[in-house]
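Beneath this line is the structure, given in structure tokens, with notes to follow.
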Amino acid sequence: MNTTLSKDSLRLATKLIGTPYLVNGKDPKGFDCWGLVWYFYNKIGIKTTDPLDYSFRKTAKTKSKAFNEALISNNFVRIEKPQKNCIVSFSKNGYTVHVGIFLGKTEGCLHSCSNGVVCENIEKIKSLRCLTYEFYQWQKLA
């Protein structure tokens, strides 16, 4: 399955905006950042493994390790240029500390933060939190 932006995925993203932040949240009652990514991908038809419980990703190091393991086990590969519906991995000091979904240059990045689910420009997220970012695309196995 290709993850190009469709009306359905954009409609889903729009419906999720405003959902409250909830540690370990992975449904419309509340999301943390990885729970939102997991939910979004599963809803657009890409089945991914459940996100690790927050207790396993409390520190930057363990969060980064959990994220990297999730990427590998769910067939995500790093890409240079962002593609619509790809994962954006935000890092600080070499550790992944936050994730979101790139919806497009004009649409922004869907992510869950202390304000709940929002859609913001990735440059704004990067500069406000002093982060770097990378992009990951799901690939169907042959």
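Rule-based calculations on the coordinates, nothing more; no lab input. Nothing here was measured: the structure is a model prediction, and the numbers come from that model. All Cβ positions, glycine included, derive from the backbone under ideal geometry; neighbour counts span all protein chains shown.
Brief remarks follow.
- Rg and Dmax [Cα atoms of segment 7-138; Å; Rg one decimal, Dmax integer]: 13.2, 36
- In the chain, the DSSP-assigned H stretches of four residues or longer account for a calculated mean residue ellipticity at 222 nm of -9000 deg cm²/dmol, using -39500 (n - 2.57) per stretch and the full residue count as denominator.
- Between Asn24 and Asp32, Tyr54, the built amide H atoms are under 5 Å apart, and every one of these is 5 or more places off in sequence or on another chain.
- Sequence-distant lysines (8 or more away, or on other chains) whose Cα lies within less than 27 Å of Lys81: Lys7, Lys15, Lys43, Lys47, Lys61, Lys63, Lys65, Lys92, Lys105, Lys124, Lys126, Lys140
- Calculated FRET efficiency for the pair Lys92/Ile72, C-beta based, R₀ 22 Å, to 0.05: 0.55
- Compared with the direct C-alpha span, the chain from Ile17 to Asn121 gains 36.0 nm at full extension, assuming 0.36 nm per residue.
- Other residues within the sphere of radius under 13 Å centred on the Cβ of Ser112, judged by their own Cβ, net out at -1 (K and R +1, D and E -1).
- The phi-based Karplus calculation (6.51 cos²θ - 1.76 cosθ + 1.60; θ = phi - 60°) puts the 3J(HN,Hα) values of segment 129-135 at 10, 6, 10, 10, 9, 9, 10 Hz, whole numbers, x for Gly and Pro.
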